[in-house]
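Each remark here refers to the structure printed beneath this line.
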Amino acid sequence: MPLPDANNYSTRIYELLKETDLQNLSYSQFQNVAETLFIEPENEDEMRRLVLVQLARMAVRGDWDGFLTGGGGSGGAPTDAEYVVMSLNGTLTNERVLTAGTGISLADGGAGLTATIANTGVTSLGAGTGISVSAATGASSISNTGVTSNVAGTGITVTGATGTSQIAVSSIITDLLLAEYVTLATDSGLQNERVLTAGTGISITDAGAGSTVTIAATGGGGSGVYSPVLPDTDIDSTGRDNLYMISRFPPWGSNSSSTSSTTVGDSPQYRPFVSPRSGDVLSIVMNVNSTTDEPNYDIGIYSDSDGVPDALLGKATAALTIAEGTGTITLTPSSTITTVAGTQYHIGWVRTDVSGAGNFTAESNGSLFWCGPISPNFPNLGSLNQMVTIIQSGTDNVLPATVTATDCEMTYNNPPRWGLVWS
């Protein structure tokens, strides 16, 4: 085959193909040769050869898209562009596959149609309590329709009607909370309250909300109680005047005593007295003048309720033996007994076992300070020579914790001689 003429177009094509093959022949190389061809009748053969070479190059490289769409000057779409595609393509090198994320759906309508992207998350806005929305979908404004304005009421202050606002209790309410109320129980809403509490000789009865609270004296004998006042301290420092012979105190005692004996029975007996001292009873003192038996005794002090013994405040036990002989016996209460000066109480006594006669030294039966009711059927007022005591039935050989008035009756006898020492 003769070599082409180097001065004509065919020679330039030959030189181009001599340096490379169809697989590696780029469009730009081919274009450099093709652009110099003049469209003239004498160049018809060169143009056919040009088309033949291009078709051969495209058949080998697969550049048909570029041939069809790029025209003579574009050279086709680049394969390394960062295309967004529906699926991966073997010809492209930097494409990205369009993928639906959270709250998004992607519908491919196919070649020549549409790819539809839709919101699958928030598709509708609904107004709740205190909230309004301007539209269910698309651009929407969410607003607070609940608390839109703060207005101060009685005893309340606010710093702003809308937005950031402080609500506070007025100073009047604060002053009420800090007041020093007297209450029946502590209250978490108050800070300076005082709880009303019953002391010795006082009872408090709460009838409930909207009703009454009743405060009553339990140590005295009711209205018109005679409460003489005696020295509430030791007169000197020798300790000689700290024993009070309450069995001889008016209005219930006598002005003398004797060494005669009286029998302490099985039923509890009580004798009123007015306390000369305020404080705790240190000891109970009694006289014994018989060693013929060995009985045990309980001696207690009771509060008063309208002249009748009420609640046992404390007691002491006398466990006597013949070896102790006669004379003064000092007993220590088993629990604290607290009295108030000028308040009426009762001293109670009973034999706790049945051995022996249980003899104490009795009060004098003459020159009595008589005080108390007597029966109009008493046979002889002139022979009225005993003192008034209260005897209780139904509780033999024991001092009860509380005394039931209906179980008691007045009696006349010579009670034992008693004394009390205060601390």
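The values are calculated or read from the model by the stated rules, or taken from the named source; none is laboratory data. Here the structure is a predicted model, which is why all the values come from computation and not from measurement. All Cβ positions, even for glycine, are placed from backbone atoms using ideal geometry, and neighbour counts span all protein chains on display.
Matching residues to (1) crowded, with 16+ Cβ neighbours inside 10 Å; (2) basic (Lys, Arg); (3) at pLDDT 70 or above:
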residue: Ala185; (1), (2), (3): no, no, yes
residue: Ser188; (1), (2), (3): no, no, yes
residue: Ile204; (1), (2), (3): no, no, yes
residue: Tyr226; (1), (2), (3): no, no, no
residue: Arg240; (1), (2), (3): no, yes, no
residue: Phe249; (1), (2), (3): yes, no, yes
residue: Ser257; (1), (2), (3): yes, no, no
residue: Phe273; (1), (2), (3): yes, no, yes
residue: Arg277; (1), (2), (3): yes, yes, yes
Between a residue in region 260-275 that is within 15 Å of Tyr345 (Cβ to Cβ) and assigned by TED's automatic domain parsing to the domain that holds Ser303 and any residue that is among the charged types (D, E, K, R) and modelled with pLDDT of 70 or more, which pairs come within a Cβ distance under 8 Å, given they are 6 or more apart or on different chains?
Pro272/Asp304
(1) closer than 30 Å to Ser149 by Cβ; (2) over 53 Å from the mean Cα position of the chain (by Cα) all hold for Ala127 apart from (2)
Residues to consider are Trp349, Trp418; find the one that is modelled with pLDDT of 85 or more and crowded, with 19+ Cβ neighbours inside 10 Å.
Trp349
